[in-house]
Amino acid sequence: MAKSLKIDTNKLTQYTIMILRLSGFNVWRQNNAAVYDPTKKVYRRNSSTPGIPDIIGYKKDTGVFVGVEIKVGRDKLSPAQLKFLMDLQKAGGWYWVVKTYEDAEKIADLFKRPQLIKTA
């Protein structure tokens, strides 16, 4: 049995940002990690909004807000992330969880498909 390759979180994040930008989004990485305080030798909680996704931005042609959470391995959405997801979707925004490079490509595929034309 072949070993599964470990996915590098930073590379997956960079790849997802690239894919989204090529698909008509203006997105960026939202740093929400704890910050190390060398004086006190502790990690201080970041002041960002709890549950905010790793990647945020908007669709250039519509202005729709998007959030993308990068999860690798067995990592799951936290309660704060689930709340952000539900609130964003309720407000009309888009939210995706990306675990693999293929997941990022699936998002791009959504925006490469021709729009259906309604007929009378």
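For segment 16-59, enumerate the residues that are in a strand (DSSP E or B) and over 21 Å from ALA104 (Cβ atoms).
Listed by number, the residues that qualify are VAL35, TYR36, ASP37, VAL42, TYR43, ARG44.
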Tally of residues being part of a helix (DSSP H, G or I) and surrounded by 14 or more Cβ atoms within 10 Å (Cβ to Cβ) across segment 63-81: 1
With respect to THR13, determine if the residue is at pLDDT 90 or above, assigned to a loop (DSSP other than H, G, I, E, B) and hydroxyl-bearing (Ser, Thr, Tyr). no
Within segment 11-51, tally of residues that are crowded, with 18+ Cβ neighbours inside 10 Å and free of Cβ contacts under 8 Å to residues at least 40 places away in the same chain: 2
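The values are calculated or read from the model by the stated rules, or taken from the named source; none is laboratory data. What you see is a predicted model; the values in this text were computed from it and never measured. Neighbour counts are summed over all protein chains in view; Cβ atoms, including those assigned to glycine, are modelled from backbone coordinates with ideal geometry.
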